[in-house]
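Computed from the coordinates by the stated procedures, all read-outs in this text should not be read as laboratory data. In this text the structure is predicted, and so the values were computed from the model without any measurement. Glycine gets a Cβ as well: all are built from the backbone with ideal geometry, and neighbour counts include every protein chain shown.
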Amino acid sequence: MGFYSLPAGAVDPQKPHAEDEVYYIVSGRGAIHVDGEDRLVQAGAAIFVAAGVPHRFHSIAEDMTVLVFFAPAEYTLAQNATSAS
């Protein structure tokens, strides 16, 4: 898990991850694009993103602080895929 901060107007450069994720919006306001759908988010919102699904925050109207949880831990599956090849 970790914190992810995005200032108002920022561009989120995320690419799909090999692990499932849950985002919890601690503060701020904006939107998230997940697999072709947009959803407004603000403090208190929780968003699930399955492994491999394209996603990114956008239209950030207020500085956002986001708590992110990976399952399993971030890069765990990517490392296993690399060592198996």
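Kindly list, by first and then second residue, each pair from a residue in the range 34-58 that is more than 18 Å from Pro13 (Cβ to Cβ) to a residue that is assigned to a strand (DSSP E or B) and hydroxyl-bearing (Ser, Thr, Tyr), limited to pairs with Cβ atoms under 6 Å and residues at least 6 apart or on different chains.
Ala43/Ser27; Ala46/Tyr24
Out of the residues in the range 1-60 meeting the condition of being in contact with a Lys or Arg (Cβ under 9 Å, 6 or more places away or on another chain) and charged (D, E, K, R), tell me which one is surrounded by the fewest Cβ atoms within 10 Å (Cβ to Cβ).
Among them, the one singled out is Lys15.
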